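Notes to accompany the following structure.
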């Protein structure tokens, strides 16, 4: 047994050791706190003046001038044909206004120089329809600009000015490296007040507003009317975005601004600079996202990829892609959804042969497709469809849908091409899943279980096949006003 004196001594030693340990950890935490504070101080400089002085000479104000045709009456004040129309016309005449004559309208925006030989980037909406474009530099010098090319899809325009000597310019940065929380700086000409600077952070990434190629950086840096086309800088002075739009109920900044990501802008600018227009890749398919119920109906492991709803005349049809295929990979990159695929295809060179991996009939298949050019496809007229004989008229309720086989009478009533085949939805049970999924009278079913249907027996056979395979739903290809989409409906008894 340990002597009492020894036990007391050990207890005192343990107590001192505990105090030493506590002192050590308290000191460690204090040092760590000081380090974090030091790093935070470094993350946000005391002043942005040095950066502003460096980049300001490359930011420009843009003034556009447009001739607006005159009007011969009080349009816009009262409706045409209104009994008050003569009253307002007499009022205008008494005040010496008479008929409006053509007048010149001005607008303001911003931009930035990207090369010493005078290429300037701005928004397309800043210069659209302008008869004259003038560029004002930070030192007050003004030059007239010409339009090199525009891209309404990304709202980007490239201008050119001729200067006596080399101009100060800024470079594009990699917008993919911009993180939520990073400091950014916006410059431009807000509300016509002249050169102005605002600072904020990256609030969000990969925002989509309305276009197919949208990739916006959201920021709380103040952006107002007149800032459009101006640059969004990172703290290294590289352009990571082009200020384009704001979300505001009153037209002023409320801290929700959007800048088109520089990695989108650089590709557009390169093409405008080389060709004067954009040249985007074109696959030639209509697609929709793969929802969880569609994935289950097709036997897919995950709700990912892009489901092909239609294959018109074009590269995809020539290569052998089919409606009902799910594109899983494009040119070696996995496809997450339709938005990602559209952007990737558009960013791929016209004429490039790419490998497209699709899910078809429960297996994967690789198809080689040579891309066309989207701009050419948008200008072309769709090929006419072949005429086929009308099927026999039948009508029946299936899956909450009152269906009828298309005949010549229905095609004429619905103004459909003679070649259209399938089952017409005459009515929908409002308590059925079909109604919840958005099916309505007038919709046309053309495929079931990824196979063409021209008769009610075809649909019933596809439903039985799905049940035999242990599926709980069946995939239907639905067309409305010519637009196709896939819908999965439950088939449980």
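Every condition in (1) farther than 19 Å from residue 361 by Cα; (2) part of a loop (DSSP other than H, G, I, E, B); (3) at pLDDT below 90 holds for residue 471 except the one numbered (1).
Among the criteria (1) in the same structural domain as residue 206 (by TED's automatic domain parsing); (2) without any contact (Cβ under 8 Å) to a residue 24 or more places away in the chain, the one residue 292 does not fulfil is (1).
Would you say residue 346 is buried (at least 17 other Cβ atoms within 10 Å of the Cβ), touching a residue at least 24 places away in the same chain (Cβ under 8 Å) and under 21 Å from residue 214 (Cβ atoms)? If you could, list the steps in order and put the result at the bottom.
Values: buried (at least 17 other Cβ atoms within 10 Å of the Cβ): yes; touching a residue at least 24 places away in the same chain (Cβ under 8 Å): yes; under 21 Å from residue 214 (Cβ atoms): yes.
Yes; evaluated as a whole, the condition is true for this residue.
In this structure, does residue 151 turn out to be loosely packed, with under 15 Cβ neighbours inside 10 Å and over 16 Å from residue 227 (Cα atoms)? Judged against the criteria, residue 151 is not a match.
Here the condition is being surrounded by 13 or more Cβ atoms within 10 Å (Cβ to Cβ) and at pLDDT below 90; of 421, 430, it holds for 421 alone.
Taking the condition under 24 Å from the mean Cα position of the chain (by Cα) and over 19 Å from residue 265 (Cα atoms), does residue 203 pass? Step through it out loud before you land on a result.
On the way: under 24 Å from the mean Cα position of the chain (by Cα): yes; over 19 Å from residue 265 (Cα atoms): yes.
For residue 203, the condition - under 24 Å from the mean Cα position of the chain (by Cα) and over 19 Å from residue 265 (Cα atoms) - is met.
Restricting 297, 316, 323 to residues that are assigned by TED's automatic domain parsing to the domain that holds residue 350 and closer than 19 Å to residue 355 by Cβ narrows the list to 316.
Out of the strands (runs of 3 or more DSSP E) lying entirely within the range 228-276, which hold 1 or more residues that are over 20 Å from residue 62 (Cβ atoms)?
Values: elements: 231-233, 239-246, 257-261.
Where strands (runs of 3 or more DSSP E) fall fully within the range 228-276 and carry at least 1 residues being over 20 Å from residue 62 (Cβ atoms), they are 239-246, 257-261.
The values are calculated or read from the model by the stated rules, or taken from the named source; none is laboratory data. Computed from a predicted model, the values in this text were never measured in an experiment. So basically every Cβ, Gly included, is an ideal-geometry build from the backbone, and we count neighbours across all protein chains shown.
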